[in-house]
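Chemist: Submitted below is the structure of interest, expressed as structure tokens.
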Amino acid sequence: MILHCLKKETWERVKNSAYYSSESLSAEGFIHCSPIEYFHRVAPNFKEIKEDLLLLLLEEDKIEAKVRWEDPENLGRAYPHIYGPLNLSSVTAVLPFLKDEEGT
């Protein structure tokens, strides 16, 4: 299982679609994701986002696009990148991204 974070308003707009494409797919060529065990390392990247966020729990085996586990900074931690639109049939759960008063 892997995670993808997105704005709640985005999910509401696309949840009944077959596929989802993030801004990073257009800009960088892939959709950023995280393994559950490393999400605490990427969570601070969302601290300044004021809108409500959600976490999509994805079953990697059901993702139709190519998933590559990459460690671009050579830190010994690989993160999954989805190289193509995400088929929403791979979403097994939608969870709230909870923050404290400081946004963490």
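Chemist: Quick check, is E48 acidic (D, E) and without any contact (Cβ under 8 Å) to a residue 24 or more places away in the chain?
Modeler: Numbers: acidic (D, E): yes; without any contact (Cβ under 8 Å) to a residue 24 or more places away in the chain: no.
Answer is no for this residue.
Chemist: Just to be sure, is V91 open to solvent by less than 60 Å² (accessible area, probe 1.4 Å) and modelled with pLDDT under 95? Step through it out loud before you land on a result.
Modeler: Working: open to solvent by less than 60 Å² (accessible area, probe 1.4 Å): yes; modelled with pLDDT under 95: no.
Answer is no for this residue.
Chemist: Separate question: Out of region 8-50, which residues are open to solvent by 80 Å² or more (accessible area, probe 1.4 Å) and touching a Lys or Arg at 6+ places or on another chain (Cβ under 8 Å)?
Modeler: Residue satisfying the conditions is R41 alone.
Chemist: Right, I63: touching a strand residue (DSSP E or B) at 6+ places or on another chain (Cβ under 8 Å), more than 14 Å from M1 (Cα to Cα) and touching a residue at least 24 places away in the same chain (Cβ under 8 Å) or not?
Modeler: Working: touching a strand residue (DSSP E or B) at 6+ places or on another chain (Cβ under 8 Å): yes; more than 14 Å from M1 (Cα to Cα): no; touching a residue at least 24 places away in the same chain (Cβ under 8 Å): yes.
Criteria not met by I63.
The values are calculated or read from the model by the stated rules, or taken from the named source; none is laboratory data. Everything numeric in this text was worked out from a predicted model, so none of it was measured. Note that each Cβ is placed from the backbone with ideal geometry, even for glycine, and that neighbours are counted across all protein chains shown. Protein only, heavy atoms only, side chains kept; ligands, DNA and RNA dropped before computing areas. Shrake-Rupley method; radii C 1.70, N 1.55, O 1.52, S 1.80 Å.
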